[in-house]
Amino acid sequence: MKIKSIIVAAVVALFATSSLSAKSLVIYFSRADENYGVGTITEGNTAILAKMIAQKTGSDIFEIIPEKAYPKSYNECINVAKDEQRKKSRPAYKSNIDTSSYDTIYIGYPIWWGDLPMVVYTFLEAHDLSGKTIVPFCTHEGSGLSGTDNNIKRLYKNVTMKPALAVRGTAAQNKRKETEKAVDEWLKE
């Protein structure tokens with residue numbers, strides 16, 4: 001009887017720690033340095049949101065880091081971003097993650113000139129997220145989502161899209177309780 005109890009306990013422990021349940025991943029791109037509306041910051045607006053979502057959902061987290069860093073100056077950065085967008089550039093990023101074992105993918109990014117930063121497209125186009133649940137979120141300073149959730153959906157034929165979240169970067173940076181409340185409400189949807 002003692003061996004049976006040990007086996008049952010081992011099976012229960014295995015199920016409790018295994019990946020048999022749905023797994024989720026927060027993928028995000030964020031930029032610190034000089035930002036619109038918040039000055040020079042050490043943690044990007046989208047990073048704050050991404051970490052909040054990962055903590056609240058128990059998700060793994062992965063940051064998209066461009067091989068070539070964007071300029072620290074806000075004005076220089078927006079000039080580079082506009083140029084990348086105009087050329088439909090696909091800037092390289094430093095490391096990678098295998099997304100195949102995840103069921104739900106939260107994708108976070110700032111809105112740059114009404115669109116995803118081009119380095120986010122580079123990442124998304126390199127990963128087949130078909131069959132997964134995609135949950136976009138962004139930071140912005142007045143443009144909202146700018147249709148970026150639809151841009152992401154167009155990249156994949158067979159995904160389930162959940163409602164996206166758009167938070168002002170100034171709120172993520174300076175109004176954490178308000179931002180946390182918005183995240184909590186969104187996660188209930």
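Worth a mention:
- Linear extension gain, D60 paired with E141, 0.36 nm per residue minus alpha-carbon span: 26.4 nm
- The stretch between Y156 and K82, if pulled fully straight at 0.36 nm per residue, gains 24.1 nm over its current Cα-Cα span.
- Distance between the 7 Å Cα→Cβ label points at K68 and D98: 3.2 nm.
- Accessible area per residue for the chain, computed on protein heavy atoms with a 1.4 Å probe, is 55 Å².
- Ranked packing of 153-165, 137-149, most packed first, by mean Cβ within 10 Å: 137-149, 153-165
- Normalised Debye scattering of the chain at q = 0.08, 0.11, 0.12, 0.19 Å⁻¹ gives log10 I(q)/I(0) of -0.29, -0.51, -0.59, -1.36, counting only Cα atoms as equal scatterers and leaving out solvent.
- Here, segment 80-130 has an Rg and a Dmax of 12.1, 35 Å when only alpha carbons are counted.
- The fraction of accessible area contributed by carbon and sulfur in segment 57-189 is 46 percent, rounded to a whole number (1.4 Å probe; ligands and nucleic acids excluded).
The values are calculated or read from the model by the stated rules, or taken from the named source; none is laboratory data. What you see is a predicted model; the values in this text were computed from it and never measured. Please note: Cβ atoms are built from the backbone with ideal geometry, for glycine as well, and neighbour counts cover all protein chains shown. Side chains included, ligands, DNA and RNA excluded: accessible areas come from the protein's heavy atoms. Shrake-Rupley method; radii C 1.70, N 1.55, O 1.52, S 1.80 Å.
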